[in-house]
Amino acid sequence: MSLQHLLTELVLMPIIAFVVGLFLVLMMRKLGARIQRRVGPPLLQPLYDILKLYGKQTQISHGLIHEIGIVMAVGGYIAAETFLPVPGMNGIADKGGLVTLAYIMMVPSLGLAMGVGQCANPNGSIGISRALTAMFAYDIPFILVIFGVAYQYGTTSLTDVIAIQQQQGMAGWGVVQMPLLFIAGLIALPAMMGKHPFEIYVAPAEIATGPMVEMGGKFLGGLFIMQCFQYYTISVLFVTLFLGGGENWLTFLIKVFAVAAIPLSIAYVFPRYRTEDVLRMMWKWPVILGLLGLALVMG
Amino acid sequence: MSLLDKLLILSLLTVVLALFMGNRKMAGWSVTVVYAGQLVALWMMSGLGYGEISEIRSAVELTIWQYRLHWQFDALSWFFAFITVAAAMLASWFSAGGWAQAYREQGGSIRLFNVALALNVLGMLVLLASGELLSLFIGWELVSWATFMLLALGSMRYAMHYLVYAIVGAVVILAAMLMTYVQVGSLEFNQVAEAAAGLDNTSIWWIGGLFVIGFGIKMALLPFHLWQTKAYAATPGPGAAFLGAISSRMGLFAIVLILVKLIGISRLLEMPISFTFLSARDLLAWVAVFTIIFPTLTALRQHDARRLLAWHGIGQGGYMLLGIVVADDLGSAGGLMHVFNHATYQAVLFMSVTAVVYRTGTSDLNKLGGLFTRMPLSFLAMLIGIIGLAGLPPMNGFVSKWLVYRSLIIDGSPMLFLGTVIGTLGTILSVYKLIHNTFLGQLRLEHETVEEAPLSMVLPMMLLSAVIFTTGFFPGLVLGWVASVQAAVGLPVLAYHAGGIDSANGGLDMIWVVSVLLAGFAIATLIFFSGGRSRRVHQLDNYAGGHFLTADTRYQYSDNFYPGLMHLIGPWYRSSFKRMEQGLVSMLDFLSMLASGWHRHGHPSFYLLTLVVVVLFTVVM
């Protein structure tokens, strides 16, 4: 593959991720609205939100790290997208693989945490403390899933994982081969996306939206962009690990939206868990399922 | 006279120089220059590190009762020696300027500090150069006492605590050596290695077990870790940076020597533990994983920055041992590379915290905050250090941990893998608390006038930060040395390239990873600045739920930073190890009381009888 070709892919992959991410955000908001018997926002609302925030006149900065934090949060995800193969484009997926991707996905969290830390607002810091605790909670089942998949397919390269699944057809998909790990992953998924019922760290009424408390204008806009990437990355990762990746763009996108929609529409009707309950929940059911799934995979 | 002799003489000269320079102003600088000289001498031996020459022998030999003591350097010794001397040079550089002055003013003796540091380096070099088990033991004792001297500068009480552990360790090692000598009839490495293959499992259990316990005490393997944290945290800052970087790794060096070079990890696999499915290797791997998990979670609870770091130092040792006992090319490379990586970021973290202590006088995380605006370079050093410690890209800590993770996946050990990841996540939580409570959040009124640390402290920190980043960008720089070490101790050798490793089923190329990450940050910066102009506001100008904030109101969140987590895992902290230690101490107390009672009553005939029975018993058996 020529360098020019590769560079084109590296540019295209984050852009596609952002666009798909915008629609994922729209879908989430629509879903939430429909469950609460509202109409929900129009088609381009997520984009309008971001443009509005970037164009605002009042932009409050609490210092350099506040700004760098937002840059790290967005930039980390832009980099992460190039490690996620999509139909027809592999980017640099062979240079990193599954474990690298999992750790690159922590860079934006750390960036956001630093940015919030500089704001000197206790509500923000409390939010970050809760968010990091939640990360500690959901990463345990997630890491079992990663191990299971890597062991099952004998590789940590995402391109190989996809190739193996597509060769064997539906029967070779991760969801058929490792159903228990798939369920464990699905339980962790809403927490990884920071959605219902695991979003105690934003708790508007209690800690004034936590990490977002001092964020306005392009700072909040950056977080919106980060959210688009976040939904996209996690959904695509699950499609890659369990649903055979994408043969073509149509089936790929259907799978991506389904992965995001199904667990969230179930989770939406639950009330929020407290932080310690998030830990309890995440360290119990998905971990039990994950360990059983691992036993099946390795047995 | 070989290069090795010159290096050792130079190291001895450093001690002498430190002694004569005393408390003079130039003392620290002159010692630093000689350390740099040692580093140059080591670099002249770099053929060892790149596998061009296999060993450099010392011309000095001692013969005592027909036993030949000799010294030599191979790739393993060179790798550890290079880290040791580099760490000492940077620590000395860091201490030479403003810090030394402040230390003198507080009544400390720079002479003692410099001598103690130089003695540590000398002792370690002698240890690393040991050519058979007896010289290893001599070097070991030198290191133990030198460490004691450095620790005693901080707190005599904790240093004594260490000393008790060190003496127990030395006795255990001596016992293991005696057993080796009885079984093999020699203490030469090659002869022991040859004979080890023929020994039965029971002997290997005893010999290997005793060696691991003895050396593990230095490395603070669980459950022998209690001495380390308090002692390191109390040591004067640059000394703590040096000790935290490399001192404990001498235990790892010796364990690699014994387990890998002499016994062989494959042998450990053939030693099952009755009634379990585990082998001796699995036991060691689990000890390593517990050494990762428990100290890391304990670090999470600390509110003193230095103790927090010292606890992490114990935890990171677990990754090294784990990688080495997995013993494939990836895992052992990860374990060995982690020695280097850990030295770099642990040193920079201790230095950064020391710089904060130098300026503010405290390392209590509840009494700091917001220092980024006053000490931005120290912040940068700590940031790069914590990313390395947490093992996130793009820093070097990620590469070594990635190698360990990868080998555990290949090895098919999900629970060990899970343990290492729990360690990493716990580390992320605790290092965020460290940087948040020190440099982020609200600046206290009394710290308004704080300035950046002096250049003599900032430069070594920046240098180390650059090393952390560069070896993360081009891990091949370190992997070259690591591959030579693997070849020297008989491990499978890693095939590497400048950016990491190629592998059919999932490689790593850090050049790409880091470049893409930096490109991502660059694009994100462009996106960020495409928005409207932002206005900087004062730290008190924020949303306080309708209150007006003033400078004398603390508006900071630092104490009990993770209440949700502690609510759940708080009850797990039971100080079980501390109680175990206390139990052991009371038992010893009781025994010594009994013994002294016997002694005072005086029953010579009874003693004689006991002695005769014991002797007879031994002879008959």
* Structure fact -> Partner shielding of B:376-386, taken as the mean number of other chain Cβ atoms within 10 Å, equals 1
* Would you mind checking the pairs B:LYS25/B:LYS230; A:LYS218/B:LYS433; B:LYS230/B:LYS433 and listing those with alpha carbons more than 24 angstrom apart? => B:LYS25/B:LYS230; A:LYS218/B:LYS433
* Taking 0.36 nm per residue of separation and subtracting the Cα-Cα distance, what length does fully extending B:ILE53 through B:HIS538 add? -> 168.5 nm
* Per residue of chain B, what 222 nm ellipticity follows from adding -39500 (n - 2.57) for every DSSP H run with n ≥ 4, rounded to the nearest 500? -> -23000 deg cm²/dmol
* To do: Quote to one decimal, in nm, the extra length available between B:PHE275 and B:ILE64 on full extension: 0.36 nm per residue of separation minus the C-alpha distance between them.
  => 71.4 nm
* To do: Could you tell me how many degrees, from 0 to 90 and to the nearest 10, lie between the Cα long axis of helix B:396-411 and the main elongation axis, the longest principal axis, of the Cα atoms of chain B?
  => 50
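Using alpha carbons only, what's the Rg to Rh ratio of chain B with Rh from Kirkwood?
Here the Rg-to-Rh quotient is 0.99.
Using a Förster distance of 51 angstrom, determine the FRET efficiency expected from the C-beta separation of B:VAL16 and B:PHE590, and round it to 0.05. Mind dumping the intermediate values first?
Working: r = 47 Å, r/R0 = 0.91.
In this case the efficiency is close to 0.65.
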* Asked: Can you run phi through the Karplus equation (6.51, -1.76, 1.60; θ = phi - 60°) for region B:475-486 and list ³J(HN,Hα) in whole Hz, with x for Gly and Pro?
  -> x, x, 4, 8, 4, x, 5, 4, 5, 5, 4, 4
* **Point-to-point label distance, B:ARG104-B:VAL613, nm (Cα→Cβ direction, 7 Å offset)** => 6.5
* Asked: Where in region B:515-602 are there trypsin sites (Lys or Arg not before Pro) that are in a DSSP coil and have at most 11 other Cβ atoms within 10 angstrom of their Cβ?
  -> B:ARG533, B:ARG574
* Asked: To one decimal place, what orientation-averaged projected area in nm² is obtained for the convex hull of the Cα set of region B:52-203?
  -> 11.8
* Structure fact -> The percentage of Cα-Cα pairs in region B:262-396 separated by more than 21 Å is 50
* Given H placed 1.01 Å from N in the peptide plane, which residues other than close sequence neighbours of B:GLY500 have an amide H under 5 Å from its amide H? -> B:GLY476, B:MET510
* Asked: Considering the zone a paramagnetic label at B:VAL171 would reach in this model (a point 7 Å from Cα along the Cα-to-Cβ line), which residues of region B:588-617 have amide N under 16 Å from it?
  -> B:588-596
* To do: Sort the protein assembly as shown into rounded, prolate or oblate with this rule: let a ≥ b ≥ c be the square roots of the eigenvalues of the Cα gyration tensor; rounded if a/c is under 1.5, and if a/c is not under 1.5, prolate when a/b is larger than b/c, oblate otherwise.
  => prolate
* **Under 5 Å, built H, 5+ apart or other chain: amide partners of A:SER61** => B:ARG535, B:ARG536, B:VAL537
* Asked: In a shell of Cβ-Cβ distance under 15 Å around A:SER129, excluding A:SER129 itself, what net charge do Lys and Arg (+1) and Asp and Glu (-1) give?
  -> 0
* Efficiency by 1/(1 + (r/R0)^6): what FRET value for B:SER605 and A:LYS284, r their Cβ-Cβ distance, R0 = 56 Å, to the nearest 0.05? -> 0.25
* Structure fact -> The answer for B:GLN72, listing residues at least 5 apart or on another chain whose modeled amide H is closer than 5 Å to its amide H, is B:SER58, B:SER130, B:GLY131
* Pairing the Cα long axis of helix B:329-360 with the longest principal axis of chain B, what angle in degrees results, from 0 to 90 and rounded to the nearest 10? -> 60
* Asked: Each label point is 7 Å from the Cα along the Cα-to-Cβ direction; what then is the distance between the points at A:ILE35 and B:VAL33, in nm?
  -> 7.1
* Asked: Angle between the Cα long axis of helix A:45-55 and the longest principal axis of chain A, 0 to 90 degrees, nearest 10?
  -> 50
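Computed from the coordinates by the stated procedures, all read-outs in this text should not be read as laboratory data. Keep in mind it's a predicted model, so treat the numbers as computed, not measured. Counting neighbours? That spans all protein chains shown, and the Cβs are built from the backbone with ideal geometry, glycine included.
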